[in-house]
1. Just the number, please: Stokes-Einstein D of region 109-178 in µm²/s, Kirkwood Rh from C-alpha pairs, 4 °C, 1.567 mPa s.
2. Using θ = phi - 60° and the Karplus relation 6.51 cos²θ - 1.76 cosθ + 1.60, list the HN-Hα couplings for region 278-286 in order, rounded to whole Hz, with x at every Gly or Pro.
3. What are the residues whose amide H is under 5 Å from the amide H of VAL224, where those residues sit 5 or more places off or on another chain and H is modelled from the backbone?
4. Tell me the angle of helix 2-15 to the major Cα principal axis of the chain, expressed in degrees between 0 and 90 and rounded to the nearest ten.
5. With a cut-off of 8 Å between alpha carbons and a minimum separation of six or more residues, what is the relative contact order of region 31-184 in percent?
6. So if I place +1 on the C-beta of Lys and Arg and -1 on the C-beta of Asp and Glu, and nothing else carries charge, what would the dipole magnitude of the chain be about its Cα centre? I want it in debye, nearest 20.
7. Could you run the Karplus curve 6.51 cos²θ - 1.76 cosθ + 1.60 with θ = phi - 60° over region 108-120 and give me ³J(HN,Hα) per residue in whole Hz, x for Gly and Pro?
8. Would you mind classifying region 225-367 by shape? Square roots of the alpha carbon gyration tensor eigenvalues, ordered a ≥ b ≥ c; an a/c under 1.5 is rounded, otherwise it is prolate if a/b is larger than b/c and oblate if not.
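Where a number appears in this text, it was derived from the coordinates with a stated rule and is not lab data. Please read all numbers here as calculations on a predicted model, not as lab measurements. Note that each Cβ is placed from the backbone with ideal geometry, even for glycine, and that neighbours are counted across all protein chains shown.
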Amino acid sequence: MQVFKCWLVLGLAGCSPAVGETVSFSPPPSTPRPDGAVRLSRESRPYVVTEKVAVGASSPVVLAPARIAFRDGAVSQVNLPIAGRVTAVYVKTGDRVKIGAALVAISSPDAAAARAQLAAAAAEHDAATHEIARQDAMATSGVGVESERVAVQAKLRQSEAELARAQTTVAILGGGGGSTVVLRAPIDGTVIARHATVGAVAQPGGDPLIEIGNPSSLWVVADVFERELAQVHDGAAVDIELPTRTAPVAGHVVSVGQALTGALRTAPVYIALDGDSVDVRSGMFARARIKAPAGKSIVLPAESVLIEDGKTYVVFVKTGDDLFTPRKVEVGRSIDGRVEVLSGVAPGEDVVVKGALLLDGAAEQLL
């Protein structure tokens, strides 16, 4: 009897947890079947919730990350037309400027040479003009020589061409005199970038010295996933959520990009702002809620749809007492935490809407 008591004590001691060890309890695992169906254990039942599939009216919304950007043509880059050294910069980033405002002053020997050529071309043209007038007067008096008159006409045409070339060159240089070139704002707007620094030597074809954007020509560029593009149409109403505002800004779809970009397979959707955009700035991040056409469809919670192998969408359908069978489905639009199911389930079927990962731990949820 003493030997039996000793073995009993040792057995109980071996079954007891070590001092300080935490004991956790989890539901017994479900039992899979060869056909993929899973028999749920009694202890696991409280962790799985089902919902009957029903067709109902929906007002779907396509959610997409977005950013604020300037429209095409709303940004003007001020480049250097001739080599020179920066002698003055009159603006800084964030300044609002009017068309014609002085931005940067450049000192350039080439500018002085171009202006000297313009003065010489103008003088040559004046001389040729006076000479042709003299030849015309002599011809009228009957004392002119026709060959001389023809030569003067040719010289006049040559001087006109040279004057036009010199005028074009100086016009490209902009304002200023002598060796100084003053670059001016080509549009009204805000200085969004300044790359010019006093003393720097700049060359034509390099980086722009100043960039000006028109703040009244902003729009929203939303990146919409490929599978949701069919639900986005020109003119669709959009709510733009910004981190700086408590209420969304209204807008509408202007156009949908025709090319997919990036590994995420998204296309740009361009949205015009209809509401107040005083504090909206280029480069801000946003979220677009694009309203898609209303209709009737099957919609389930997003957590009820699992992803297998990174590409197959699956839900679990209750097919018996505590028996759940996986079913491949085709999904559509995402609607405020729920997802549209296009095929794979029928109205009246019971689908697992909570706890689906207990039935298939190898899958991932569509969040």
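1. Values: Rh = 13.3 Å.
Roughly 98 µm²/s, to the nearest whole number.
2. Ordered by residue, 3J(HN,Hα) equals 4, 9, 8, 10, 4, x, 5, 8, 8 Hz.
3. ALA267, VAL269
4. Helix 2-15 sits at roughly 20 degrees to that axis.
5. Working: 138 pairs, mean separation 40.3, N = 154.
Reported relative contact order: 26 percent.
6. Values: 35 positive and 39 negative charges, 135 e Å.
Magnitude of the dipole: close to 640 debye.
7. 9, x, 5, 5, 4, 5, 5, 5, 5, 5, 5, 4, 5
8. prolate
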